Amino acid sequence: MKLYQFDPAPASRRVDIFLKEADVSIATEQLNVRDGDQFKEPFNSLNPFHCVPFLELSDGTVISETLAICRYLEESNQGKINLFGSTPKDRASIEMWNRRLEIDGYIPLMAGMRNKFERFDGKVLAGTRNDLKRSDIIVKRGEDSARILFERLDKYLDKYLFVAGKEFSVADITLFSTLELANNIGLNLDEYVNILDLKTRLSERDAFKK
């Protein structure tokens, strides 16, 4: 089993944090996606989506997408890891928050970042090389969507220590990566006191330290 990563990529960082929190060791190979390694063989054939991270199993199966990789690693470790929840209620709550964070925050901000900076010219869509133009509208929409999410989440965190309740979960990793994207795009988060408090507490965990 081997994990293909590019450490500077936000999605790769999410998996890296998960591995450290779960105390899972796995063979890893770095692909420089900035230089287009993902379009070269054998990586092009392994993962037609041309994104990192992706996990190659011993039988040749390839799993891409951050949460799919993390979920596989959790479930294949026979209950030794519970970052996706240990009860039906916990799993549902964590799944709910993960989806909201990704749909309203992580994905719009990722699109915003790729549309804001010149370094993404020719690759505004992850895993592609084309002539699609960057759009200020997409940048603003991403920022607006994230602000609505953060306002809702900040109120919710008045009552809870972590995103999905009392316990740390994979949803907190998703939030942390979303906040890093917000910082990269220049979004001011000062008004979200509870979110920043949680971010500080997460930053103090060993797995989150770079």
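Taking into account only those residues within segment 97-111 that are of a type outside the set (Asp, Glu) and without any contact (Cβ under 8 Å) to a residue 60 or more places away in the chain, which is surrounded by the most Cβ atoms within 10 Å (Cβ to Cβ)? Residue satisfying both the conditions and the ranking: 108.
Among residues that are crowded, with 19+ Cβ neighbours inside 10 Å, within 25 Å of residue 85 (Cβ to Cβ), in contact with a helix residue (DSSP H, G or I) (Cβ under 8 Å, 6 or more places away or on another chain) and free of Cβ contacts under 8 Å to residues at least 24 places away in the same chain, residue 202 is not included. When we screen 154, 172, 190, 144 for residues that are part of a helix (DSSP H, G or I) and surrounded by fewer than 17 Cβ atoms within 10 Å (Cβ to Cβ), the only hit is 144. None of 52, 24, 15 is surrounded by 13 or more Cβ atoms within 10 Å (Cβ to Cβ) and either modelled with pLDDT under 95 or more than 18 Å from residue 126 (Cα to Cα) (or both) except 24.
Listed conditions (1) under 15 Å from residue 126 (Cα atoms); (2) basic (Lys, Arg); (3) modelled with pLDDT of 95 or more are all met by residue 34, apart from (3).
Are any of the residues in segment 42-56 polar (S, T, N, Q) and in a loop (DSSP other than H, G, I, E, B)? Within segment 42-56, one or more residues are polar (S, T, N, Q) and in a loop (DSSP other than H, G, I, E, B). Here are 130, 115: which of them is among the polar types (S, T, N, Q) and assigned to a loop (DSSP other than H, G, I, E, B)? Just one listed residue meets the conditions, 130.
Has segment 169-183 got at least one residue that is farther than 25 Å from residue 69 by Cα and not small (Gly, Ala, Ser)? Quick ask: steps written out before the conclusion?
Of segment 169-183, the ones farther than 25 Å from residue 69 by Cα are 183.
Cutting the leftovers down to not small (Gly, Ala, Ser) gives us 183.
The answer is yes; a qualifying residue exists.
The values are calculated or read from the model by the stated rules, or taken from the named source; none is laboratory data. What you see is a predicted model, and the numbers here were worked out from it, not measured in a lab. So basically every Cβ, Gly included, is an ideal-geometry build from the backbone, and we count neighbours across all protein chains shown.
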